[in-house]
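To start, the structure under review is shown below, and the notes come after it.
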Amino acid sequence: MTKKANKQAIIDIIRMNLAWESEEDTEKELHFYHITDALNRKWQTIGLNVSDAIQVFEQGNDDNWTRIIEPAPYNPNLSTNDLINMLNISPEATGIRNDMQIILNTVERRNEYVM
């Protein structure tokens, strides 16, 4: 199975509990971090600091270090344009924009895609 990199924009990151204590140096202690992405999903990852946690998050979802702890809430008003904006799809990407409008043609499909 291939790992998927998490290229989703990070909206919020919060340092949580200690994951691994270091008796030698507090800078080498691992903490859990909770991340909220642009699709409003909540993730848990680990890191020595915020930069390290972001780097671990961007390596991908492998369930060992980074996993979704809360899927995106159902949005009854989610439009294709909203989804395109959340995913930061450029105006030049006409192929993907057209495909999204055809395939994700109901609010249920768009929410399923987000989850």
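Considering only 11, 113, 31, and ranking their Cα positions along the charge dipole of the chain that arises from unit charges at the beta-carbon of Lys, Arg, Asp and Glu, the one farthest toward the positive end is 113. Charges on Cβ only, +1 for Lys and Arg, -1 for Asp and Glu, centred on the Cα centroid of the chain; of 72, 48, 102, which one is farthest towards the dipole's positive end? Ranked along the dipole, the leading option is 102.
Can you compute the FRET efficiency between residue 88 and residue 29 using 1/(1 + (r/R0)^6), with r the Cβ-Cβ distance and R0 = 25 Å? Round to the nearest 0.05. Here the calculated transfer efficiency is 0.15. The residues of region 69-108 expose, per residue, 67 Å² of accessible area to a 1.4 Å probe. About the centre of its Cα atoms, the chain shows a dipole size close to 640 debye [charges on the beta carbon of Lys, Arg (+1) and Asp, Glu (-1) only; nearest 20 debye].
Taking label points 7 Å from Cα along the Cα-to-Cβ direction, residue 51 and residue 70 give a separation of 2.9 nm. Using a probe radius of 1.4 angstrom, the carbon and sulfur fraction of the accessible surface of the chain is 48%.
Looking at the chain, identify the longest residue range that excludes and avoids all GluC sites (Glu not before Pro) in DSSP loops having at most 11 other Cβ atoms within 10 Å. Counting only loop sites that pass the neighbour cut-off, the longest clear stretch is 25-91.
The values are calculated or read from the model by the stated rules, or taken from the named source; none is laboratory data. Computed from a predicted model, the values in this text were never measured in an experiment. Because the Cβ atoms are built from the backbone with ideal geometry, glycine has one as well, and the counts that use them run over all protein chains shown. Quick note on the areas: whole protein, heavy atoms, side chains included, nothing else; ligands and nucleic acids left out. Shrake-Rupley method; radii C 1.70, N 1.55, O 1.52, S 1.80 Å.
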